[in-house]
Amino acid sequence: MVPAALGPRLMKSERRRNGSLLLPLTALFLVLQPEPKPGDLIEIFRPFYRHWAIYVGDGYVIHLAPPSEIPGAGAASIMSALTDKAIVKKELLYDVAGRDKYQVNNKHDAKYPPLPPSKIIQRAEELVGQEVLYKLTSENCEHFVNELRYGIPRSDQVRDAVMVAGIAGVGLAAMGLIGIMFSRNKRQQQ
């Protein structure tokens, strides 16, 4: 049995591409995934970042994408960081994930009560087709889906990146200070 997340077009498209019903490894991975439930957050593992979408049922997700993004673009969709606009799109999870792995990740359910699935889906569906402001640090795809599920826009990717940058900055400052102290100590000994 093929889960709905693969989308209704999977078998037809696979026949066209391969001339047989053999599924590529990507599709096999998707078959092994648990079926998402409407309102679930979907984390898609792109090469350099995580893309986020909200599952709305029947194999479809709603997500933010730059106006020019091709479904399943993978690493190419990192270009979304260079734009200040995004389109809210409803597409098959199979197409959005492309060759990238994904998982259901409702990671904030213990901290924030999720809205009822019908409300999440209604809010998401109302936004489909709209162009919205996109900022990598404050209005990205992770902010978008968390706002839909919990009513709270947040992005752990942004928080984690800021923390890493802060730690790196403190480390570099400490190394610079140590270097200055060593050079002063050398001068005093001469």
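The numbers here are math on the coordinates, done by the rules we state, and not lab data. Keep in mind that what you see is a predicted model, and the values were worked out from it rather than measured. Every residue, glycine as well, gets a Cβ built from its backbone with ideal geometry; the counts of neighbours run over all protein chains shown.
Projecting label points 7 angstrom from Cα along Cα→Cβ for Gln122 and Asp84 puts them 3.4 nm apart. With a cut-off of 12 Å between beta carbons, the residues surrounding Glu126 carry a summed charge of +2, where Lys and Arg count +1 and Asp and Glu -1. Approximating the spin labels as points 7 Å out from Cα along Cα→Cβ, the Asp58-to-Asp156 distance works out to 3.1 nm.
The H on the amide N of Asn105, modeled in the peptide plane, is under 5 Å from the matching H of Leu41, Ile42, Glu43, each at least 5 residues off or on a different chain.
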